[in-house]
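Student: Quick one: the structure is below, and I'll ask about it shortly.
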Amino acid sequence: MKLHEYKDKLLEKCLSPQVLIPGSVLILFTDGILERENITGEEFGEQRLKDVIINNKTQSSDVLLSEIFTAANDFGHKKKWKDDATVVIVKRISIMATVMVAVFNQLRDQNPLRL
């Protein structure tokens, strides 16, 4: 497959609608995370990022985000970053959690707490 054909297929897949099933985690990131280097010039890379995500996928988005940046920063020995680094985490919560939040919000609206 030629490079432009690969890019076209990848772009087509990225632009097509996707469904996240409950419990799914979608993580978008810039190359600054992957290209974070240690003192020997080795990059943080995809596998280390995958390991952090797998080990923390059940955590909240805040914790997962913190773990990603902590791992990459520690890998780079806390030296100044050479590139920008952005991570976006999208989590699809379960249907039951969605129902519980809706019920809570409805009850809260009907009986607001008086301070």
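The values are calculated or read from the model by the stated rules, or taken from the named source; none is laboratory data. Just so it is clear, the structure is predicted and the values come from calculations on it, not from any experiment. All Cβ positions, even for glycine, are placed from backbone atoms using ideal geometry, and neighbour counts span all protein chains on display.
Student: How many residues does segment 59-96 hold that are over 25 Å from Glu37 (Cα atoms), free of Cβ contacts under 8 Å to residues at least 40 places away in the same chain and either touching a helix residue (DSSP H, G or I) at 6+ places or on another chain (Cβ under 9 Å) or among the hydrophobic types (A, V, I, L, M, F, W, C) (or both)?
Tutor: Qualifying residue count, segment 59-96: 2.
Student: Now for a different question. Among the residues of segment 1-60, which ones are modelled with pLDDT of 90 or more and on the phi > 0 side of the Ramachandran plot?
Tutor: Across segment 1-60, the qualifying residues are Gly41, Gly45.
Student: Out of (1) of a type outside the set (S, T, N, Q); (2) in contact with a strand residue (DSSP E or B) (Cβ under 7 Å, 6 or more places away or on another chain); (3) more than 26 Å from Cys14 (Cβ to Cβ), what's the single condition that is false for Leu28?
Tutor: (3)
Student: Let me ask you something else. Only one of these conditions is not met by Asp83: (1) surrounded by 12 or more Cβ atoms within 10 Å (Cβ to Cβ); (2) modelled with pLDDT of 95 or more. Which number is it?
Tutor: (2)
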